[in-house]
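J.: What follows is a structure written as structure tokens; I'll ask about it next.
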Amino acid sequence: MRRFTLIAIPYAWLLALFLVPFLIVFKISLSDLAMAIPPYTPNLDLSTGWAGFKDFLSQLDFENFIWLTQDDLYWKAYLSSAKIAAISTILTIIVGFPIAYGMARAPEEWRATLLMLVILPFWTSFLIRVYSWMGILSQEGYLNQFLMSIGVISEPLIILNTNIAVYIGIVYTYLPFMILPIYAALEKLDESLLEAAEDLGCSRMSAFWLITVPLSKQGVIAGSFLVFIPTLGEFVIPSLLGGSKTLMIGKVLWEEFFSNRDWPVASAVAVVLLLILIIPIILFQRNEQKQREAEG
């Protein structure tokens, strides 16, 4: 009974906050657009019981999902989001790995402080942190003022409202999600392995590539999933830092819901996005399971 209760609690949580909302959104995605409040006509009426469900199945169509394949905007938004998420993940690895490596090699009495500095940005509102980058990257912002004052540039750079600003915002925001798993993997690294490699003739660089990097693979994979998955559906950063040419599915989803008031199509977009996200989530879970089996 205790084991059942222990398992039932997280499953009840997932049922209430994931499965039920998903089914509601999926039901709306199969509805028809209407000039009403809410702006759709449901094809499934549960109040009529089994008869209404049979009528729904007989008239079932995926018109809104078919529409997503016919309009270039949607598949281009999915591809653009995947591209931005992938590039952002790679940039986050490039920036985060040296930081995590430095933290893991720092004196033990400093590691807690360095770890706190990595987590410190979470103490500030996410929205405020993104807004602060608008002040830094604008033409009259601190970055352009600093570069002009030291003579690097003669006129302000246009960074805000470009994809570069989006990459900067995403890397800054999700960097801790990359640093922490890599740091956890590197901290457990046995330094005697590096000493043994150097005694056998490896240089420090060779020992790093042959021992440190492979043993940190699990942390890199975990951090990559933790960055890629939320970035794929990101809305706030591309809306505030990106321009009109920055196409991400999160922005398209918001416009369909609140600007176009087309809830059925917006729900179809959300369902497809969720199905796309399930793939890296399943891969992440399998990676975690293999890691636990290897440690066991």
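A short reminder: the numbers here are calculations on the coordinates, not readings from a lab. Values in this document were obtained by computation on a predicted structure and should not be read as measured data. Here the Cβ is made from the backbone with ideal geometry for all residues, glycine too, and neighbour counts use every protein chain on show.
J.: Within the stretch 226-258, list the chymotrypsin sites (Phe, Trp or Tyr not before Pro) lying in a DSSP loop whose Cβ has at most 15 other Cβ atoms in a 10 Å radius.
T.: Values: sites: PHE228, PHE235, TRP254, PHE257, PHE258; in loops: PHE235.
Filter output for the stretch 226-258: PHE235.
J.: Let me ask something additional. Using DSSP to call loops (not H, G, I, E or B), can you name the GluC sites (Glu not before Pro) in the stretch 88-197 whose Cβ has at most 13 other Cβ atoms within 10 angstrom?
T.: Working: sites: GLU108, GLU109, GLU140, GLU187, GLU191, GLU195; in loops: GLU140.
Here the sparse-neighbourhood loop sites are GLU140.
J.: Which order results if VAL20, VAL25 are arranged by neighbouring Cβ count within 10 Å, fewest first? Walk me through the numbers before you get to the answer.
T.: Details: VAL20 11, VAL25 17.
Neighbour counts put them in this order, fewest first: VAL20, VAL25.
J.: I've got another one for you. What residue among ARG129, ARG286, ARG261 has the largest mean-square fluctuation in a Gaussian network model of the chain, using Cα springs under 10 Å?
T.: ARG286
J.: Cβ under 13 Å from ALA222's Cβ, ALA222 left aside: what net charge do those residues give with Lys, Arg +1 and Asp, Glu -1?
T.: On the way: positive: LYS217, ARG286, LYS290, ARG292; negative: GLU288.
Computed value for this residue: +3.
J.: Sticking with this one: Show me, for the stretch 208-213, the HN-Hα J-couplings you get by feeding each phi into the Karplus relation (A = 6.51, B = -1.76, C = 1.60, θ = phi - 60°), rounded to Hz, glycine and proline as x.
T.: Couplings: 5, 6, 8, 10, 5, 5 Hz.
J.: How many lysine pairs are close in the chain, with Cα atoms under 13 Å apart and the two 8 or more places apart or on different chains?
T.: On the way: LYS76/LYS245; LYS76/LYS251; LYS188/LYS217; LYS217/LYS290.
Lysine pairs, 8 or more places apart or on different chains, close enough: 4.
J.: Please give the Cα centre distance for the stretch 219-295 versus the stretch 181-212, rounded to the nearest Å.
T.: 35
J.: Using amide H atoms built 1.01 Å from N in the peptide plane, name the residues 5+ places from ILE153, or on other chains, whose amide H lies under 5 Å from its own.
T.: Residues meeting the criterion, in which the H sits 1.01 Å from N, are MET148.
J.: Taking a temperature of 25 °C and a viscosity of 0.890 mPa s, what whole-number D in µm²/s does Stokes-Einstein yield for the chain with Rh from Kirkwood over alpha carbon pairs?
T.: Numbers: Rh = 22.8 Å.
Reported coefficient: 108 µm²/s.
J.: Quote the charge dipole size of the chain about the Cα centre in Debye, to the nearest 20; the model charges only the Cβ of Lys and Arg (+1) and of Asp and Glu (-1). Intermediate results must be reported in sequence, preceding the final value.
T.: Numbers: 18 positive and 24 negative charges, 66 e Å.
The dipole magnitude comes to about 320 debye.
J.: Oh, and also: For the stretch 151-255, take every pair of Cα atoms, bin their distances at 5 Å starting from 0, and report each bin as a whole percent.
T.: P(r) for the stretch 151-255, in whole percents per bin: 2, 11, 15, 13, 12, 10, 10, 10, 8, 5, 2, 0, 0.
J.: May I ask you to compute the full-extension gain from MET134 to ARG286, defined as 0.36 nm times their residue separation minus their alpha-carbon distance, rounded to one decimal in nm? List each step's numbers first, then the result.
T.: Details: separation 152, 0.36 × 152 = 54.72 nm, distance 3.86 nm.
Residue separation times 0.36 nm, minus the Cα-Cα distance, leaves 50.9 nm.
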